[in-house]
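A.B. asks: First, the structure itself, so that you have it in front of you.
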Amino acid sequence: MWEFWRSSSIREGGSAIPEAHVSPFERCASGVSRDGATGRTSPSSTAVSPMPPQPSVQSDPGSPHIASNSSQHAPFLAGSSSVGSSVHKAISKRLAGVVHFRDVQFVTKEVEEQEGPGDQSGISHEYTRMLTGVQKNKLIIILVGLPGRGKTFLCNKLMRYLNWLGHNTRHFNVGQYRRKQKGQDEVQDASFFDYHNEAGLEARNRALNAALDDMCQWLETDQAQVAIFDATNSTEQRRQLLRQRFHGRWQYLLIESICNDDEVLATNYLNKMKYSPDYTAFDMAQALADFKQRIKKYEEVYETVTDRTFHYIKLIDMVTGRGHMDINRISGYIPGKIVFFLMQVCKAGLGSTRKLWLTRHGQSEYNKGGRLGGDSSISEKGEKYAELLPGALLSRLPTSEPVSLSVWTSTLVRTIQTARHLPFPKLQWKALDEIDAGICDGMTYEEIASEMPEEFAARKQDKLRYRYPSGESYLDLIQRTEPVITEMERERECVLIVSHQAVLRVLYGYFMGVPPEKIPSLEIPLHTLIELTPMPDGTMQEARVRVDTERGEEQFALGPVEEEEPRMVEHRRTPSQQTLTQLQQVVGPSPSSSPQTVGLHMRTPSNTAAAAVPSQATIAGLAARTSQSGVGSEQAKGVSARVSLSDLAGPGPAGSVPAVKSHAVELESDAAVDVLLAA
């Protein structure tokens, strides 16, 4: 409103604006300059004609008087001189593209003026930048830290989170540019990173400038919002160079990662050797020695962030889950979201061993009829999946250390029924309920197409943004499930989520870094357990376990696998009543009470001789081990074993054999034994 008053008062011959409120832009337009010595105003050296009064624009009663043409803001420059003409032209175009909001200036449309070699306008690029102001809708995140401090982990986590929320984010890693520019015979060992190595320093600066140029070019596009500049940025001189490059153009903040825990660093170094392209041609010992020498070269010149004029977040031993944060001059929506997110991500620590599982509820009665939403119960097939789910899950639990597991479901009946046989603590989340179909709830897609063809066409055109009448869109679902993501990131234990197709698409899209536009089309089939294993760089590795409800079998590793497993040959052996009794004591009774026959299946690789089946005492001992953690390992006759227990049906009539749904014991040696105590 202030801008409207200011422009109309000048246009209509109103009083001059007080000097305290006159911007450099307006001083240029009015032909007034500031005397540098006295602070007094004096006529500009450019000849300027006095501004004649201008008639106001006719409009509806009560509406503000606004110029219909931006050239009316500076008519007094027309015809003054060639310089005045150029200035008039530039100012008029800029006025069309800038909207003032107190101290913030948003560029509504970027206007570029292509001038020839003879242009004498005298408007420099620096002055043009001053006219447009800082683009506060763009943010640069500058990572700081020694190698092996978790910068790549933080980068990947932030990229997934911000892109998932709809803030277009890209990663610019200086190391990747350095490797691309590497000469055929160039050696980039530890000595290459010595600050006294002039050739190495020149090559690294070349990579730095290439990354900066690409990042700045991308930030100039309309789609760009957040750029992550990933490098050590280990000296104050480097950070000041970046500040000069970004200041006055975009917002920027630093995130420094500091780690002093030797155990965590040792783990990080080993992971770096496994995945870093710099060490693909080295053996582990040689690579580790060179990497430690590289770190020493950086430590010689490393300077932690102490300049309080920077906006920064300092993570001090946060990767251990026991550290703290130093936050300086952080404000705004996205920076604030970043601070909160990092507090959750780092709480769990980077080296924790855990897995996440996602599964839809068993087939429901509405699924059978192809109907949306509702709160129907599970069908006969869905009940079969609920019975087989414990065995499929428990056979996938990590064996390297004792683990705990919790089960999260929605508040709808079909997810609660699916999870009821799982012998783990359960938590119901309203945020995990299926997408709200509004007035379309309970309808089939055929009915929607017939009765509401416009809605059907709108959904088909843009499933991400389409909102059901009186219901939700996928974008709404992303906002609704954000607290679930936050809790999953901060948890140290394994988590199984039993939910619905649309919700699991959204959660899967976050963890796997799927672009939001592709989330509504992700395949999340029924009766499938999706296993996500966190990797050291912040990404996820996926595997899928498809449960055949017809045959009562689980098909493992349908997701990406590194190597093919040997074909297995089955053998059968019946366990004793004593073993069954011990297993039942571990898991506890179940509502079912019908007696069923049981058996033991042993699987061995087809290219080896059948190994000896473990004794009943061994199996009983392994089962007893699970009473504390649900899964355990034990050395039995030199064989490392993994035990997983499913839900046991309770005892039948007196003297009958207790029914066991699907108990499994797998040996991690040449022999693999499955105890399938199935109907």
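The values are calculated or read from the model by the stated rules, or taken from the named source; none is laboratory data. Just so we're clear, the structure is a prediction, and the values are computed from it rather than from any experiment. Cβ placement follows ideal geometry from the backbone for every residue including glycine, while neighbour counts extend to all protein chains displayed.
A.B. asks: Kindly indicate whether residue 232 is part of a loop (DSSP other than H, G, I, E, B), free of Cβ contacts under 8 Å to residues at least 12 places away in the same chain and under 26 Å from the mean Cα position of the chain (by Cα).
C.D. replies: So residue 232 fails the test.
A.B. asks: Here is a follow-up. With respect to the numbered conditions (1) free of Cβ contacts under 8 Å to residues at least 24 places away in the same chain; (2) loosely packed, with under 14 Cβ neighbours inside 10 Å, which one is the sole condition not fulfilled by residue 287?
C.D. replies: (2)
A.B. asks: Against the definition (in the same structural domain as residue 422 (by TED's automatic domain parsing), in contact (Cβ under 8 Å) with a residue 60 or more places away in the chain and not acidic (Asp, Glu)), how does residue 514 come out, yes or no?
C.D. replies: Criteria not met by residue 514.
A.B. asks: What number of residues within the stretch 390-420 are within 17 Å of residue 528 (Cα to Cα) and not in a loop (DSSP other than H, G, I, E, B)?
C.D. replies: Residues in the stretch 390-420 being within 17 Å of residue 528 (Cα to Cα) and not in a loop (DSSP other than H, G, I, E, B): 14 in total.
A.B. asks: Moving to a separate point now. Considering only the stretch 345-363, state which residues are at pLDDT below 90 and either in a strand (DSSP E or B) or within 17 Å of the chain's Cα centre (by Cα) (or both).
C.D. replies: 345, 346, 347, 348, 349, 350
A.B. asks: Given the criterion more than 25 Å from residue 313 (Cβ to Cβ), out of contact with any strand residue (DSSP E or B) (no Cβ under 7 Å at 6 or more places or on another chain) and of a type in the set (Val, Ile, Thr), identify the matching residue among 267, 280.
C.D. replies: Answer to the selection: 280.
A.B. asks: Which of the numbered conditions does residue 465 fail, given that it passes all the others? Conditions: (1) in a helix (DSSP H, G or I); (2) under 28 Å from the mean Cα position of the chain (by Cα); (3) free of Cβ contacts under 8 Å to residues at least 24 places away in the same chain.
C.D. replies: (1)
A.B. asks: Another question about this same structure. Quick one: how many residues across the stretch 181-219 are free of Cβ contacts under 8 Å to residues at least 24 places away in the same chain and over 21 Å from residue 298 (Cα atoms)?
C.D. replies: Summing the residues that are free of Cβ contacts under 8 Å to residues at least 24 places away in the same chain and over 21 Å from residue 298 (Cα atoms) in the stretch 181-219 gives 5.
A.B. asks: Only one residue in 211, 203, 190, 207 is assigned by TED's automatic domain parsing to the domain that holds residue 300, under 28 Å from residue 328 (Cα atoms) and surrounded by 14 or more Cβ atoms within 10 Å (Cβ to Cβ), so which one is that?
C.D. replies: 211
A.B. asks: On the given criteria, is residue 543 within 29 Å of residue 151 (Cβ to Cβ) and not assigned by TED's automatic domain parsing to the domain that holds residue 338?
C.D. replies: So residue 543 passes the test.
A.B. asks: Among the residues of the stretch 302-320, what is the count of those that are more than 21 Å from residue 244 (Cα to Cα) and not in a strand (DSSP E or B)?
C.D. replies: Of the residues in the stretch 302-320, 4 are more than 21 Å from residue 244 (Cα to Cα) and not in a strand (DSSP E or B).
A.B. asks: What are the residues in the stretch 235-253 that are part of a loop (DSSP other than H, G, I, E, B) and free of Cβ contacts under 8 Å to residues at least 60 places away in the same chain, if any?
C.D. replies: 247, the sole residue that qualifies.
Every residue, every condition in (1) farther than 26 Å from residue 280 by Cα; (2) at pLDDT below 95, yes or no:
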residue	(1), (2)
148	no, yes
154	no, yes
161	yes, no
165	yes, no
169	yes, no
173	no, no
177	no, no
182	no, yes
188	no, yes
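For every residue, the table says whether it meets (1) under 19 Å from residue 519 (Cβ atoms); (2) not small (Gly, Ala, Ser).
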position: 439; (1), (2): no, yes
position: 444; (1), (2): no, yes
position: 448; (1), (2): no, yes
position: 460; (1), (2): yes, yes
position: 471; (1), (2): yes, no
position: 484; (1), (2): yes, yes
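A.B. asks: Taking the stretch 238-285, which residues are among the hydrophobic types (A, V, I, L, M, F, W, C) and at positive phi?
C.D. replies: Within the stretch 238-285, no residue meets the criteria.
A.B. asks: Can you pull out the residues in the stretch 527-550 that are closer than 15 Å to residue 509 by Cα, out of contact with any Pro (no Cβ under 8 Å at 6 or more places or on another chain) and either modelled with pLDDT of 95 or more or not in a loop (DSSP other than H, G, I, E, B) (or both)?
C.D. replies: Hits for the stretch 527-550 are 530, 531, 532, 533, 534.
A.B. asks: Does residue 482 count as of a type in the set (Asp, Glu) and in contact (Cβ under 8 Å) with a residue 60 or more places away in the chain?
C.D. replies: Yes: the conditions hold for residue 482.
A.B. asks: So which of 296, 274, 314 is basic (Lys, Arg), modelled with pLDDT of 95 or more and within 30 Å of residue 492 (Cβ to Cβ)?
C.D. replies: Result: 314 is the single residue among 296, 274, 314 that is basic (Lys, Arg), modelled with pLDDT of 95 or more and within 30 Å of residue 492 (Cβ to Cβ).
A.B. asks: Could you go through the stretch 194-202 and let me know if any residue there is under 30 Å from the mean Cα position of the chain (by Cα) and outside any helix (DSSP H, G or I).
C.D. replies: no
A.B. asks: I've got another one for you. Applying the selection to the stretch 473-523, what residues are at negative phi, modelled with pLDDT of 95 or more, in a loop (DSSP other than H, G, I, E, B) and surrounded by fewer than 19 Cβ atoms within 10 Å (Cβ to Cβ)?
C.D. replies: Selection gives 512, 514, 515, 522, 523.
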